[in-house]
1. Which number in (1) crowded, with 16+ Cβ neighbours inside 10 Å; (2) among the acidic types (Asp, Glu); (3) part of a loop (DSSP other than H, G, I, E, B) marks the one condition that Glu142 misses?
2. Which one is nearest to Ile233 (Cα to Cα), of the residues in region 283-308 that are within 16 Å of ligand 1 (Cβ to nearest atom) and of a type in the set (Gly, Ala, Ser)?
3. Would you check which residues across region 99-134 are within 18 Å of the chain's Cα centre (by Cα) and of a type outside the set (Val, Ile, Thr) and list them?
4. Going by the structure shown, is Val82 farther than 24 Å from Cys184 by Cβ, assigned to a strand (DSSP E or B), in contact with a strand residue (DSSP E or B) (Cβ under 7 Å, 6 or more places away or on another chain) and touching a residue at least 24 places away in the same chain (Cβ under 8 Å)?
5. Please verify whether region 186-209 includes one or more residues that are among the polar types (S, T, N, Q), under 21 Å from Asn44 (Cα atoms) and part of a loop (DSSP other than H, G, I, E, B).
6. Of everything in region 4-27 that's in a strand (DSSP E or B) and in contact with a Ser or Thr (Cβ under 8 Å, 6 or more places away or on another chain), which residue is nearest to ligand 1 (Cβ to nearest atom)?
7. Which residue, of His238, His229, is at pLDDT 95 or above, within 15 Å of ligand 2 (Cβ to nearest atom) and not hydrophobic (A, V, I, L, M, F, W, C)?
8. What do you reckon, is Leu266 hydrophobic (A, V, I, L, M, F, W, C), in contact (Cβ under 8 Å) with a residue 24 or more places away in the chain and over 15 Å from Cys184 (Cα atoms)?
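The values are calculated or read from the model by the stated rules, or taken from the named source; none is laboratory data. Since we're looking at a predicted model, the values are computed, not measured. Neighbour counts run over all protein chains shown; Cβ positions are idealised from the backbone, glycine included.
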Amino acid sequence: MSYTKNVLITGGAGFIGSHLARLMVNKYPTYRIINLDKLTYAGNLKNLEDLENAPNYVFVKADICDQKAISEVFTQYEISDVIHLAAESHVDRSIEGPMEFVMTNVVGTVNLLQQAKDNWKGDDHVFQHVSTDEVYGSLGAEGLFEEVTAYDPRSPYSSSKASSDHFVRAFHHTYGLPIKISNCSNNYGSHQFPEKLIPLMINNILQKKPLPIYGKGDNIRDWLWVEDHASAIETIFHGGRLGESYNVGGLNEWTNLDLVLYLCRLMDKKLNRSEGESEELITYVTDRAGHDMRYAIDATKLETELNWKPSLKFEEGLEKTVDWYLANEDWIQEVTSGSYRDYYEKMYQDR
Ligand code: NAD
Ligand code: TYD
């Protein structure tokens with residue numbers, strides 16, 4: 001079969017990428033989806049089992065920093081478009097070791113940009129870069145991040161993502177590469193690695209382990225259902241204007257403490273535990289170095305220009321998420337065996 005597009009999704013074995021790959025493979029049978037992933041600790045082929053036999057789906061294990069491998073993929077699969085999600089994505093890990101973040105998030109992105117620039121002629125292509133609201137820095141009590149907000153990244157993670165955003169824009173301005181960027185708030189949903197707040201707390205509540213709240217728990221994040229992020233990426237891919245950035249978010253701000261308290265109550269009910277049982281596991285630990293206070297996104301541009309809206313209320317999404325983790329304890333067990341234990345001890349033992 002000849003496909004109408006050959007779309008390279010990078011990082012498609014991770015949390016957001018696997019949701020996006022599923023959406024694209026199922027919704028666009030005339031596109032061939034080439035999912036390229038290095039399978040780091042965060043990448044898991046189990047997230048993609050249902051796609052393995054789809055005729056329009058190919059998985060390639062490779063590192064986005066590997067020039068030869070990426071060049072071969074562009075040639076072999078006649079890549080027409082890129083949706084780039086591969087990244088080191090966890091702020092705490094970036095504080096422990098920033099260099100891996102520079103390599104994948106900056107060098108890897110520039111390598112992909114080079115390959116796209118060298119392979120593409122004409123206008124019928126899109127290089128879409130999936131980025132974070134953390135590039136804008138940290139908000140006080142008021143205000144929202146807009147597309148025009150000045151970049152002010154403060155963690156090694158957000159600095160590496162800001163740098164990659166700048167390179168993507170530079171390839172547009174300098175070489176005319178057809179790019180699009182999206183900057184999204186915190187995602188939650190199924191298949192998220194339990195190093196991030198929500199799955200870590202779900203796992204610890206299940207195991208009756210301490211629930212480590214950084215600082216006082218008053219930092220604020222804006223949470224979006226992962227499938228709504230995937231639908232935003234798809235919407236921008238098809239309808240977004242070239243050279244533009246779009247903010248993606250849910251106007252759904254929670255302090256970390258309120259969110260964990262809500263999760264405790266929800267899970268006590270689901271697990272038939274007595275009221276207040278899980279709350280007692282809350283433990284205040286040393287704050288994250290340079291901890292950003294508040295993120296909040298203004299997604300008006302995406303909503304008005306492209307008619308995108310989140311589909312789920314947070315309470316519904318959180319319940320679906322908890323139900324998924326409760327139904328997939330083998331998934332949690334698999335990803336938390338081995339190196340996760342070393343990671344957890346290193347991060348939390350003396351905190
Ligand atoms: P994740 O950590 O779950 O997955 C990242 C994936 O990238 C993994 O499958 C990993 O194996 C792969 N990868 C890492 N290094 C690679 C390399 N050198 N070559 C090829 N593959 C590599 O991350 P996620 O939460 O799914 O985030 C995906 C993207 O979305 C990232 O770019 C992240 O910055 C961005 N983002 C995430 C959030 C969020 O809340 N999680 C919010 C906004 C934007
Ligand atoms: P995280 O999920 O790491 O996302 P990000 O830092 O990219 O926003 O963290 C979300 C919030 O939860 C952040 O304010 C840090 C806090 N947090 C804790 O209080 N305890 C934890 O164990 C973790 C992982 C995060």
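1. Condition (1) is where Glu142 drops out.
2. Ala299
3. Glu100, Phe101, Met103, Asn105, Gly108, Phe127, Gln128, His129, Ser131, Asp133, Glu134
4. no
5. Yes, region 186-209 contains a residue that is among the polar types (S, T, N, Q), under 21 Å from Asn44 (Cα atoms) and part of a loop (DSSP other than H, G, I, E, B).
6. By that ranking, first place goes to Val7.
7. His229
8. yes
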